[in-house]
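*Asks:* Have a look at the structure that comes next, please.
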Amino acid sequence: MKLGEPSLDQLRIFLAVVDEGSFGAAARASGRAVSAISYGIAQLETQLAATLFEREGSRKPVLTEAGEGLLAEARAVADRADALLAKAKSLHTGLESSVGLVLDVMVPSDVTAQVLREFRRMFPTVALTLNIEGLGAVAECLLDDRAQLAIGGPVIGDNPALERQVVGDVELIPVAAPDHPLAAKDVAPGESRQHLQLVLADRSDLTQGREFSVLSPLTWRLGDLGAKHALLKEGLGWGNMPRHQVAEDIAAGRLVELDLPEKPGAAYPLSALWRRNERLGPAANWLIDGFRDGLGN
């Protein structure tokens with residue numbers, strides 16, 4: 001048996017009859033004559049060599065077993081065609097087909113989830129590629145053309161190849177386990193240099209030789225903020241962490257905020273970053289506004 005190739009219009013007629021409940025209702029919904037709907041269904045049945053509706057004994061068409069089986073596939077084809085047309089329309093209006101986004105590991109995860117949830121609703125046709133990096137690796141993703149937009153910290157904001165727009169900040173605070181020596185009151189100046197400091201390491205070469213809030217010569221350098229967090233709770237050292245990430249641990253007594261004379265904690269400004277030679281589209285610009293609102297700047 002040789003099957004034909006149904007047209008997209010025939011599939012849409014089939015779906016209209018199913019969704020509207022009758023040939024007449026499908027005709028009214030699509031602005032066509034009932035005869036055009038009947039002809040479209042007949043042609044589709046011929047192409048598929050299958051009867052799609054039981055027409056005997058009922059005023060309303062009822063799907064046959066074959067019709068039930070083919071319904072999901074027909075709807076999937078129509079949905080993909082709608083997505084294709086929507087993306088083509090978006091391209092003609094200047095909307096990006098995709099956006100590569102890289103976020104600093106310091107960006108609060110709840111802000112990220114909130115912004116990206118709304119982004120998906122606002123821009124359903126724009127594919128998003130997301131990377132999470134730290135320090136210079138954020139800028140490296142931009143400079144290597146692996147992303148078009150970044151939300152990154154101050155350590156790479158002065159790169160001459162990048163444009164920069166402040167969107168907010170995150171508070172960093174020094175913390176340690178409750179039984180750590182630096183958790184005691186009245187810590188003497190310089191005592192922090194006698195204890196192991198856990199430091200977030202830069203996976204890129206862009207900040208090679210630069211140090212950020214490092215007080216102790218005794219350091220463990222970790223490429224992952226989550227690993228640093230876990231080791232701090234185990235009492236293996238002290239270090240700076242975003243307040244939002246350790247707030248529950250402090251409240252539960254798993255970590256304490258240190259009162260060090262050097263006051264190593266600080267505001268960690270976050271900026272939207274993009275290549276100076278690239279013009280951002282509507283979706284990327286929306287992301288900048290979304291993170292600015294989420295970070296409260």
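All of the numbers you see were taken from the coordinates with simple rules; none came from a lab. Note that the structure is predicted; figures quoted are calculated from it, not measured. Counting neighbours? That spans all protein chains shown, and the Cβs are built from the backbone with ideal geometry, glycine included.
*Asks:* Which of the aspartates and glutamates could a cross-linker span from Lys185 if the Cα-Cα distance has to be under 13 Å and same-chain partners fewer than 8 positions apart are dropped?
*Replies:* Partners found: Glu257, Asp259.
*Asks:* If I model the chain as equal point scatterers sitting on the Cα atoms and use the Debye formula, what is log10 I(q)/I(0) at q = 0.08 Å⁻¹?
*Replies:* Per q value, in the given order, log10 I(q)/I(0) is -0.57.
*Asks:* Which FRET efficiency value, to the nearest 0.05, is calculated for Val166 and Lys263 with the Förster distance at 30 angstrom and r the Cβ-Cβ distance?
*Replies:* The pair Val166/Lys263 has a calculated efficiency of 0.85.
*Asks:* For region 1-151, what class follows from the C-alpha gyration tensor (a ≥ b ≥ c being the square roots of its eigenvalues): rounded when a/c is under 1.5, otherwise prolate if a/b is larger than b/c, else oblate?
*Replies:* The shape class here is prolate.
*Asks:* If you place +1 on the Cβ of every Lys and Arg and -1 on the Cβ of every Asp and Glu, how big does the dipole about the Cα centre of the chain come out, in debye to the nearest 20?
*Replies:* 800
*Asks:* Only counting other Cβ atoms within 10 Å, I'd like Met106, Met122 sorted with the fewest neighbours first.
*Replies:* Values: Met106 23, Met122 13.
The fewest-first ordering by Cβ neighbours comes to Met122, Met106.
*Asks:* As a test, work out the antiparallel percent of DSSP beta bridges whose residues both lie in the chain, rounded to the nearest 5.
*Replies:* Working: 21 of 36 bridges.
About 60 percent, rounded to the nearest 5.
*Asks:* Using r as the Cβ-Cβ distance of Ala66 and Arg120, and R0 as 30 Å, what FRET efficiency do you calculate, to the nearest 0.05?
*Replies:* After rounding, the FRET efficiency stands at 0.25.
*Asks:* To the nearest 10 degrees, how steeply does helix 243-252 sit against the main Cα axis of the chain, on a 0 to 90 scale?
*Replies:* The answer is roughly 70 degrees.
*Asks:* With a 10 Å radius around each residue's Cβ, average the other Cβ atoms per peptide and rank 170-176, 185-191, 149-155, highest first.
*Replies:* 149-155, 170-176, 185-191
*Asks:* Quick one: helix 8-20 against the long Cα principal axis of the chain, what's the angle to the nearest 10°, folded into 0 to 90?
*Replies:* Roughly 90 degrees between the two axes.
*Asks:* Using the 10 angstrom Cβ neighbour count as an exposure proxy, how do Arg32, Arg221, Arg121 rank, fewest first?
*Replies:* Arg121, Arg221, Arg32
*Asks:* Could you list Leu85, Leu222 in order of exposure, starting from the residue whose Cβ has the fewest other Cβ atoms within 10 Å?
*Replies:* Final ranking by Cβ density, sparse to dense: Leu85, Leu222.
*Asks:* Highest mean first, how do 132-141, 66-75 rank when packing is the count of other Cβ atoms within 10 Å averaged over residues?
*Replies:* 132-141, 66-75
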